[in-house]
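To keep things clear, I will list the structure first and then write my remarks on it.
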Amino acid sequence: MTSFKSDTHWRDSARVPRFFVVDARAAFPLVLFILHISLWTFIIALVFMLFFSTIERFGFTVKIFFRWLKSFLAGPHKTCSPWWKE
């Protein structure tokens, strides 16, 4: 049986996973860079890390950011008509 630290709590499960100071969701491009070391994979990994750190700075998660982007691109006025009047 594994032992847990006494200061861990179930509420900590909602925290964003981190690899040191980098968001853990950027780990896939880092793994890609480590497996295939070249300039373009380094640039891809760097862009992903900058993207995740920027949206986190503004308080977004990836899912919320793309919802916000979709809403921003759609504009403030949304037109719709009922399906029975088409």
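Loop by DSSP (not H, G, I, E, B), at most 11 other beta-carbon atoms within 10 Å: where is the longest site-free stretch of the chain for trypsin sites (Lys or Arg not before Pro)?
16-77
Output the DSSP H helices from the chain with an along-axis C-alpha extent of no less than 24 Å and a mean Kyte-Doolittle hydropathy no less than 1.6.
Length and hydropathy pass: 39-57.
With a cap of 14 neighbouring Cβ atoms within 10 Å, and only residues DSSP puts in a loop, list the chymotrypsin sites (Phe, Trp or Tyr not before Pro) found in the chain.
Answer in residue order: PHE4, PHE20, PHE58.
So how long is each side of the chain along the principal axes, counting just the alpha-carbon atoms, biggest first, in Å?
Extents along the principal axes: 61, 43, 25 Å.
All of the numbers you see were taken from the coordinates with simple rules; none came from a lab. As the structure is a prediction and not an experimental result, all values here were calculated from the model. Positions of Cβ are backbone-derived with ideal geometry, glycine not excepted, and every protein chain shown enters the neighbour counts.
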